Amino acid sequence: MSEADEKVICHTHSSHCGGTCLLKLHIKDGILTRIETDDGVEPQYRACARGRAYRQRLYAPDRILHPLKRVGEKGEAEFVRISWDEALETVAKELKRVKEIYGPAAIVFRWSGGDVGTLHRALPHYRLLCLAGGCSETWGIFSFEAGVFAELATYGLPFTGSTRDDLLNSRLIILWGCDPAVTVHDTNTAWYLAQAREAGIRIVSVDPRYTPSAAAFADQWIPIVPGTDAAMLIAMGYVIIAENLQDQTFIDTYSIGFDRFKDYVLGVEDGLPKTPAWAEAITGVPAATIASLGREYASRKPAALIAGIAPGRTAYGEQYHRAAMVLATITANLGIHGGNAAGTSWAPGQALYLKYGMGMAIPLNPVESVLPPHKYAMPLDTIRISEEEILWAITLGMNMQYGQMNSTQLSDAIIRGKAGGYPADYKLLYQVDTSYPNQYLNVNKAVRALKSLEFHIVFEQFMTPGARFADVVLPVNTCMERNDVTTGGGTGAYGYMSKAVESVGESKSHLEICTELAARMGISDYSDKTEDQWLRQIVGGSPDIADYESFKRDGIHKLRLSEPYVAYKKHIDDPQNHSFSTPSGKIEIFSQRIADMNNPDLPPVPKYIEAWEGRHDPLAKKYPLQLITTHNIKRAHTQYHTVPWLRELGKHAALMNPADAKARGIEDGDMVRVFNDRGQILIAAKVTERIMPGVVDVPQGTWFDPDENGVDRGGCANTLTRDAHSPGGAFCTNTALVEVARFEPV
Ligand SMILES: Nc1nc2c(c(=O)[nH]1)N[C@H]1C(S)=C(S)[C@@H](COP(=O)(O)OP(=O)(O)OC[C@H]3O[C@@H](n4cnc5c(=O)[nH]c(N)nc54)[C@H](O)[C@@H]3O)O[C@H]1N2
Ligand SMILES: Nc1nc2c(c(=O)[nH]1)N[C@H]1C(S)=C(S)[C@@H](COP(=O)(O)OP(=O)(O)OC[C@H]3O[C@@H](n4cnc5c(=O)[nH]c(N)nc54)[C@H](O)[C@@H]3O)O[C@H]1N2
Ligand SMILES: [Mo]
């Protein structure tokens with residue numbers, strides 16, 4: 001074959017990880033043979049190992065190739081192949097049956113990231129279900145709901161990210177619970193950190209683990225007890241206020257409520273000054289370290305506090321996020337180059353979402369009439385929100401996050417329904433792009449919920465732990481077998497996710513499946529456009545992309561901004577014309593809206609509240625170790641778990657400190673049981689100084705695989721987590737107590 005027979009297709013990849021990475025797909029005879037990445041103009045959007053290994057995902061032997069119908073017990077994964085005809089007919093019939101008998105609220109729609117595209121994601125399903133009479137949903141973004149709560153309270157809107165190139169304007173960067181060398185937060189975050197390091201910019205990491213990012217970029221590692229971050233930030237605030245290091249002019253000009261915060265911090269309110277010594281006892285961080293970081297943050301300016309989202313996925317996570325934003329405010333480190341608003345740090349240039357046009361219109365969910373729309377812990381009705389901002393929220397799918405159960409409550413709601421205080425009895429689960437039960441807290445409870453359902457539809461590419469429970473599995477194709485567009489986590493680039501090969505087996509795209517389902521359900525006005533026409537409409541809404549064809553051919557469109565985008569810069573530069581979207585129009589250190597909630601667990605100024613299942617919980621006597629469950633370099637959550645090349649990157653292992661290991665007679669590499677009252681996993685121990693004593697890390701996303709005794713041999717982190725949310729709605733992946741013991745095979 002001549003080289004001319006080989007085509008190279010440019011495809012931007014965004015695999016529920018925050019990246020927008022250029023892949024050059026080499027295609028010979030309709031087969032993907034090789035993947036290269038960006039070697040073009042700077043900044044290059046280079047792919048990580050997952051993107052480069054995609055060939056093994058596309059052609060994986062465990063791809064689901066045909067529609068399947070369950071014949072065994074739920075969870076056993078015994079299926080027979082059925083035709084698309086039968087599959088679609090069954091699904092349409094069941095949706096109709098459940099709606100007619102129980103009402104549309106009995107149908108629960110659960111969806112998540114999948115590929116962070118615009119067309120082939122939850123949207124076509126949601127449109128279908130709404131047109132068919134509606135469905136129930138959950139609220140609470142997995143990743144950073146506590147952060148959203150804090151942003152809405154403090155700044156009024158959840159648009160707090162600056163582009164990462166602005167890090168090079170900082171004099172101090174604090175990575176607070178943030179490891180972008182591993183957990184991708186925009187393709188190039190780690191690259192800008194590397195440049196910052198080379199430029200001599202001081203970088204500090206505050207994290208229970210000595211992360212790869214800390215090792216590569218940081219000058220200082222400050223280990224901290226998980227879930228106590230608010231205490232350290234508040235004590236930094238104490239030092240700043242006690243030493244009069246705050247920027248009073250900034251505070252007076254742009255914010256309200258500083259005095260209320262000051263009263264709490266200095267102990268005027270409760271007789272307890274929140275000194276570094278107070279925080280040392282809680283956080284395990286030496287008082288002198290807290291004090292010097294506080295001084296530094298207030299004086300080595302501009303300083304970027306990159307407030308990671310993992311510390312927010314804890315029992316009172318919103319207090320940490322609120323405290324971080326308040327520190328940025330009192331030190332005047334926001335709205336300026338080199339600073340940072342210290343909001344939810346994952347999606348950096350969220351404002352860039354605004355520049356996309358709309359995809360499919362979402363009709364009103366008829367079930368919404370019985371549920372409050374836009375359910376957040378923070379009421380949205382007092383927020384002034386522009387059309388542009390609504391567009392962003394819709395693009396991200398935030399408007400779909402309503403419903404009266406928090407996503408942590410899905411299993412409980414299915415099990416208990418109306419008797420448990422939920423608005424409906426849930427009978428049918430319509431599951432798209434999400435790995436329920438694996439990624440949901442307390443998997444063993446989720447399994448009980450799955451067993452209690454009347455009908456369960458799963459749209460999947462692989463026989464995942466959730467698909468094993470399905471009544472019908474519909475095979476979905478991958479991003480390389482269909483066209484879509486993306487902005488990833490809101491980075492500085494638009495991506496065209498080009499189709500490179502025909503669909504493997506009988507798999508189909510989300511849009512194709514939904515269009516066929518709509519026809520069977522008698523919905524005639526479902527879609528009047530082809531995939532290509534939809535994408536042209538979406539891209540046509542962007543003022544940045546002049547030519548659809550060249551965008552499609554190049555696969556990526558890198559925005560050329562005249563300077564780094566900085567959240568709230570216009571508010572700070574020109575406050576007369578740009579007020580904050582809060583009720584007062586200012587940054588709210590004290591929030592009257594929170595005060596009005598009258599919830600002692602949601603104080604109107606940020607406070608430290610001790611976590612349940614923290615070190616002082618009585619349960620710590622039985623389960624003395626704190627569990628954190630980090631995101632992993634080999635996977636995007638559960639995705640890529642079965643890809644051999646990625647497995648070679650390292651073994652699934654629980655990180656524990658040598659002191660904790662020694663006390664339990666555990667050596668590096670031993671098989672151990674990690675357990676609590678919710679469940680038990682079997683996993684190798686990685687004994688290392690890179691995690692602080694008292695903390696165990698089980699990387700999240702491996703596949704739940706219970707043996708006959710209920711021991712999870714897949715080492716799934718959620719076998720151990722508690723299905724509780726913070727008062728602000730956070731998905732608490734980093735608040736759980738466990739014990740670890742050597743595994744003694746009998
Ligand atoms: N490779 C890869 N990248 C990903 C993903 C993936 O699955 N794989 N997932 C993507 C998605 S959807 C998301 S939401 C983001 C998640 O991004 P993050 O939430 O930032 O990722 P994590 O790895 O959970 O946590 C980051 C760091 O926080 C630390 N940490 C945990 N608990 C605490 C705490 O209580 N206090 C402090 N100070 N630190 C703590 C951990 O040790 C870890 O080093 O990542 C995205 N990027
Ligand atoms: N313990 C613990 N639990 C966590 C977390 C944690 O840190 N610790 N993190 C939480 C967070 S932040 C998140 S975002 C969630 C993630 O949770 P999920 O989004 O539920 O996790 P994924 O593994 O990405 O699941 C996506 C599933 O959709 C399937 N799929 C179906 N169609 C498609 C498609 O078209 N494209 C793609 N790519 N996949 C498709 C994939 O095969 C996969 O099984 O997990 C949450 N759970
Ligand atoms: Mo996430």
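Please state the shape class of region 605-662: rounded when a/c is under 1.5, otherwise prolate if a/b exceeds b/c and oblate if not, all from the C-alpha gyration tensor. Oblate shape, in that a/c is at least 1.5 and b/c is the bigger or equal ratio. Cβ-Cβ distance of SER550 and GLU6, R₀ of 25 Å, FRET efficiency by 1/(1 + (r/R0)^6): the value works out to about 0.70. DSSP beta bridges in the chain, what fraction antiparallel, as a percent rounded to 5? The antiparallel fraction comes to roughly 50 percent. What separates the Cα centres of region 451-493 and region 76-94 is a distance of 16 Å. For TRP278, the shell of other residues with beta-carbons less than 15 Å away shows a net charge of -3, using +1 for Lys and Arg and -1 for Asp and Glu. Length gained on full extension, GLU100 to ASN244: 45.3 nm, using 0.36 nm per residue less the C-alpha separation. Amide H to amide H distances under 5 Å link ASN406 with TRP139, where only residues 5 or more positions off or on other chains count and H is placed in the peptide plane.
Answer with one residue from THR721, PHE704, PHE731: the one whose Cα lies farthest towards the positive end of the charge dipole of region 698-746, charges on Cβ with Lys, Arg +1 and Asp, Glu -1. Going by the charge dipole, the pick is PHE731.
All other residues whose Cβ lies under 12 angstrom from that of THR211 are scored, Lys and Arg at +1 and Asp and Glu at -1, for a net of -1.
Counting other Cβ atoms within 10 Å as a rough exposure proxy, the listed residues SER579, SER527 run SER579, SER527 from fewest neighbours to most.
Inter-label distance, ASP62 to GLN537: 3.8 nm, where each label sits 7 Å from its Cα along the C-beta direction. Of the peptides 551-564, 670-683, the ranking by mean beta-carbon count within 10 Å, highest at the top, reads 670-683, 551-564. Here region 3-58 has an Rg and Dmax of 11.5, 35 Å, counting Cα atoms alone.
Between MET671 and ASP707, the contour length at 0.36 nm per residue exceeds the alpha carbon distance by 11.4 nm.
Remark: region 225-231, residue by residue, has Karplus-estimated 3J(HN,Hα) of 4, x, x, 10, 4, 4, 4 Hz, where x stands for each Gly or Pro and the curve is 6.51 cos²θ - 1.76 cosθ + 1.60 at θ = phi - 60°.
Each principal axis of the Cα atoms in region 677-735 has its own extent, and those three values, largest first, are 37, 32, 20 angstrom. Pairs of Lys residues in region 618-742 are counted when their Cα atoms are under 26 angstrom apart and they lie 8 or more places apart or on different chains; the count is 9. Over 32 Å apart at the Cα level, from the set LYS586/LYS607; LYS274/LYS586; LYS74/LYS529; LYS24/LYS74; LYS93/LYS418; LYS96/LYS451, are LYS74/LYS529; LYS24/LYS74. The chain gives an Rg/Rh value of 0.95, both radii derived from C-alpha positions and Rh following Kirkwood.
Fully extended, how many nm does the chain gain between GLU648 and ALA741 (0.36 nm per residue separation, minus their Cα-Cα distance)? Result: 30.8 nm gained on full extension.
The alpha-carbon positions of region 557-615 define a convex hull whose volume is 196 Å³ per residue. Each of ASP574 and ASP525 was given a label point 7 Å from its Cα along the Cα-to-Cβ line. The distance between the two points is 4.1 nm. Every helix of 4 or more DSSP H residues in the chain counts as -39500 (n - 2.57), and over all residues that averages to -7500 deg cm²/dmol at 222 nm.
Sorting THR515, THR187, THR733 from the fewest to the most surrounding beta carbons within 10 angstrom yields THR515, THR733, THR187. Residues whose amide H comes within less than 5 Å of that of ILE222, counting only those at least five positions distant or on another chain, are SER205, VAL206, ASP207 (H built at 1.01 Å from N in the peptide plane).
Under 13 Å of direct C-alpha separation, and excluding same-chain neighbours fewer than eight residues apart, LYS99 reaches these aspartates and glutamates: ASP425, GLU454.
Close amide H partners of GLY701, meaning residues 5 or more places away or on another chain with modelled amide H under 5 Å apart, are ALA717, ASN718. Put the Cα centre of region 667-746 next to the Cα centre of region 234-276 and the gap is 39 Å. Among ARG468, ARG593, ARG322, ARG713, the ranking by other beta carbons within 10 Å of each residue's beta carbon, starting with the fewest, stands as ARG713, ARG593, ARG468, ARG322. Rounded to 0.05, the FRET efficiency of the SER452 and SER299 pair, given R0 = 41 Å and the Cβ-Cβ distance, is 0.10. Per residue, the Cα convex hull of region 63-131 amounts to 138 Å³. Convex hull volume per residue, computed on the Cα atoms of region 429-526, equals 134 Å³.
Values in this text are rule-based calculations from the coordinates and carry no lab data. This is a predicted model, so every value here is computed, not measured. In this analysis, Cβ positions are derived from the backbone assuming ideal geometry, glycine residues included, and neighbour counts consider all displayed protein chains.
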